[in-house]
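Beneath this line is the structure, given in structure tokens, with notes to follow.
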Amino acid sequence: MIRTPVRAPKANAYAERFVRKVRQECLDWTLTRGRRHLQTVLDDYVGHYNQHRPHRSVDLAPPEPVPRAAPKHGPVIRQPLFGGLINEYDRRAA
């Protein structure tokens, strides 16, 4: 095990990038009411980040996509997260 040095943000670029994304996309826009609420918000964001949000490193696909048979035709349904701060889109059968 190699420990990262204290106050060296370039030592662990992956963790720093994730923390920056969480703050930019979620926490800077959300008022948390306590530790339990913060944990709930972070759990929801991590689920969105890993299962729905596109990532450039995997050809704009999520790292852990939710397996589902998406129809090719039909209306697109918007599902708001965090009170409309982030939206997920899914196609429903007609």
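Evaluating 6.51 cos²θ - 1.76 cosθ + 1.60 at θ = phi - 60° for every residue in the stretch 56-61, the Karplus couplings come out as 5, 5, 10, 6, 6, 10 Hz, glycine and proline recorded as x. Rank TYR89, PRO71, HIS52 by how far each Cα sits towards the positive end of the charge dipole of the chain (+1 on Lys, Arg Cβ; -1 on Asp, Glu Cβ) and give me just the farthest. Working it through, the farthest residue towards the positive pole turns out to be HIS52.
Output the Kirkwood hydrodynamic radius of the chain, Cα pairs only, in Å rounded to one decimal. Walk me through the numbers before you get to the answer.
Working: mean 1/r = 0.0639 Å⁻¹.
It is 15.7 Å.
Dividing the mean sequence gap of close Cα pairs (under 8 Å, 6+ apart) by how many residues the chain holds gives a relative contact order of 17 percent. Amide H contacts of ARG91: ILE77, each under 5 Å away and 5 or more positions distant or on a separate chain (H built 1.01 Å from N in the peptide plane; Pro and chain starts excluded). Taken about its Cα centre, the chain carries a charge dipole of about 200 debye when Lys and Arg each add +1 at the Cβ and Asp and Glu each add -1 at the Cβ. Axis of helix 35-51 versus longest Cα principal axis of the chain: the two differ by about 60°, to the nearest ten degrees. Computed from Cα positions, the angle between helix 13-25 and the longest principal axis of the chain comes to roughly 60 degrees.
Since every read-out is calculated from the coordinates, none of them should be taken as a lab result. Everything numeric in this text was worked out from a predicted model, so none of it was measured. Quick reminder, even Gly has a Cβ in these numbers, built from the backbone with ideal geometry, and neighbours come from all protein chains shown.
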